[in-house]
Amino acid sequence: MLLPGSTIGVLGGGQLGRMLAMEARRMGYRVRALDADPGACAAPFAEVTVAPLDDVDAALELATHCDVLTIETEHVPAAVLAQIETRREVHPNAAALATVQDRLRQREFLRRHGLPQTAWAGVDDLPGLERALQTIGRPAVLKTRTEGYDGKGQARIGAGDDPAAALAAIGHAPAVLEAWVSYEREISVILGRGRNGDIAIYPVAENEHRHHVLHITRAPARIAPAVAARARELGAAVAEALGHVGVMAIEMFLLPDGELLVNEIAPRTHNSGHYTLGGCVTSQFEQHLRAICGLPLGDVTQPRPALMLNLLGDLWLDEAPPLAHILAHPGARLHLYGKAPRAGRKLGHVLVLGDDLDDAQAWADSIVG
Ligand SMILES: Nc1ncnc2c1ncn2[C@@H]1O[C@H](COP(=O)(O)OP(=O)(O)OP(=O)(O)O)[C@@H](O)[C@H]1O
Ligand SMILES: [Mg+2]
């Protein structure tokens, strides 16, 4: 067990690293982070080694000061984790990260373990894409195998769309073609898995995206108890098959017939789990620390329904951000990440707890428009 006083190393110093570091500091841990930007969001709460995430030497040097290491983004080369692993414990491990950070390998992993997913095919070039469209059909969505986030590196191919244009739009990178899913709801399962294999699953959350970016999360999700139970079962199966240690998110599509398809696996704390920070007894960040440090997992009880609204840079661009309006809601808890405003950039989020979340939803919509 790594008790408070130990040093946690985080590869990446973005908002997830920042909130992890804040929770770690509260609990009495020390935190070091690796980030190319000395002004990274985590910097006020962690000692930052300034180097890009693919700098093996810098990562190994950081590791010498740490008792355990983790990631806050899956865009850390698995090869860097493999090197660190020879000297220190790292969660997730290099093999798990390698499986998840490549969409094709992630899809193969789901197939190997018999987990439900949309139809898909690997694509390397235009003839390959045309063959894949024959089997997958349209509409479909072409996604780069690596480096994608917030819908970047994706192109939808509808009935009249030119496959060559879709390939060009994602930069001719190796890709996966997925059948488009007409889902009823998007949900996510956030869970923590300990070093001893214990699993604690948070109440299932439902997510609303705008322009492929998470807009609102509501928890618990407005889904039938049997669907929630199935989602939890699938989430736990993914975590076990991956041998994951720490917090992770499993995004799923709920179909109109009640079936669930796994959309995406994130082997780290997740935007749709932010509601747990303030909304649950143990936040996803504390849970992640508990898991990677070998402590008992914390209580995932959620006393009241929660709504989380992401605040994107767009709110800051034209005029003063509507912070007074946001704070006028008596229950609003504001989280800002200390980032410079830029369109589409996640600058913070607001959490509201309450028994009537439809009111909170209307208020959230009045902020974002
Ligand atoms: N096959 C699909 N059918 C319908 N909608 C889809 C499909 N794939 C993706 N989407 C939509 O686009 C969103 C983003 O896609 P996805 O989660 O695969 O990519 P991402 O860019 O890696 O996102 P994230 O920000 O979660 O890392 C999904 O949450 C969903 O709203
Ligand atoms: Mg996603």
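Quick note: the coordinates plus some simple rules give every number you see, no bench work behind them. What you see is a predicted model, and the numbers here were worked out from it, not measured in a lab. Cβ: placed from backbone, ideal geometry, glycine included. Neighbour counts: every protein chain shown.
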Task: Extension gain from Arg131 to Thr301, taking 0.36 nm per residue of separation minus the Cα-Cα distance - done: 56.4 nm
Task: Estimated vicinal HN-Hα couplings, Hz - segment 211-228 in sequence order (Karplus 6.51, -1.76, 1.60; Gly, Pro = x) - done: 6, 6, 10, 4, 10, 9, 10, 10, 9, x, 5, 7, 9, 5, x, 5, 5, 4
TODO: Please give the FRET efficiency for His113 paired with Tyr149, using the beta carbon to beta carbon distance and R0 = 30 Å, rounded to the nearest 0.05.
DONE: 0.80
TODO: Name all residues of segment 279-314 having a backbone nitrogen under 19 Å from the label point set 7 Å from the Cα of Glu240 along its Cα→Cβ direction, giving them as ranges.
DONE: 297
Task: Relative contact order computed over segment 38-121 (Cα-Cα under 8 Å; 6+ residues apart), in percent - done: 20
TODO: State the Cα centre-to-centre distance between segment 2-49 and segment 198-220 in whole Å.
DONE: 24
- [ ] Give the cross-link partners of Lys143 among the aspartates and glutamates, using a straight C-alpha distance below 14 Å as the criterion and excluding same-chain residues fewer than 8 apart.
- [x] Asp102, Asp124, Asp125, Glu178, Glu264
TODO: Return the Cα extents of segment 7-91 along principal axes one, two and three, sorted largest first, each rounded to a whole Å.
DONE: 30, 23, 19
TODO: Pairs of Cα atoms under 8 Å, at least six residues apart: use those to get the relative contact order of the chain, whole percent.
DONE: 13
Task: Percentage, to the nearest whole number, of Cα pairs in the chain over 31 Å apart - done: 35
Task: Relative contact order %, segment 185-368, counting alpha carbon pairs below 8 Å whose residues are six or more apart - done: 21
TODO: For segment 328-367 and segment 238-280, compute the distance between their C-alpha centroids and round to whole Å.
DONE: 22
Task: Simple Cβ-charge dipole of segment 161-242, Lys/Arg +1 and Asp/Glu -1, about Cα centre, in debye nearest 20 - done: 400
TODO: Enumerate the residues in segment 122-142 having an amide nitrogen under 12 Å from the point lying 7 Å beyond the Cα of Trp180 toward its Cβ.
DONE: 137-142
TODO: Could you go through segment 230-245 in sequence order and give the Karplus-derived ³J(HN,Hα) for each residue, using 6.51 cos²θ - 1.76 cosθ + 1.60 with θ = phi - 60°, rounded to whole Hz, and x for Gly and Pro?
DONE: 5, 4, 5, 5, 5, x, 5, 5, 5, 4, 5, 4, 7, x, 5, 10
